[in-house]
């Protein structure tokens, strides 16, 4: 019997909108290539939970350090 492991990706709010809706208007133009590459590599992701980690954290989509709230996404 195998057990399924869910991988959650921590995304900033701008990347969360891009991944969920394909709306790139909130992205910094310097980050667009990284976001498109993340989307191509990971395919369709499902929004999971709101997060607010303490201190700085790294958005796994754009690679920019964040401070404050974000969102997790999973492969369902």
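Nothing in this text is a laboratory measurement; each read-out follows from the coordinates by a stated rule. Bear in mind the structure is a predicted one, so any value in this text is a computation, not a measurement. Positions of Cβ are backbone-derived with ideal geometry, glycine not excepted, and every protein chain shown enters the neighbour counts.
Look at the alpha carbon pairs under 8 Å that are at least 6 residues apart: their mean separation over the length of the chain gives a relative contact order of 43 percent.
Between residue 76 and residue 13, the modelled label-to-label distance comes to 2.9 nm, taking each label 7 Å out from Cα in the direction of the beta carbon. Over the residues of the chain, the helix contribution to mean residue ellipticity at 222 nm works out to -7500 deg cm²/dmol, using -39500 (n - 2.57) for each DSSP H run of at least 4. For the listed peptides 6-18, 56-68, a ranking on the average number of other beta carbons within 10 Å per residue, highest first, reads 6-18, 56-68. Going by the alpha-carbon gyration tensor, a ≥ b ≥ c the square roots of its eigenvalues, is the chain rounded (a/c under 1.5) or, if a/c is not under 1.5, prolate (a/b greater than b/c) versus oblate? Verdict is oblate for the chain. By the count of neighbouring beta-carbon atoms within 10 Å, fewest first, 73, 38 end up ordered 38, 73. With respect to the chain, whose longest principal axis is taken over its alpha-carbon atoms, helix 32-42 is tilted by about 10°.
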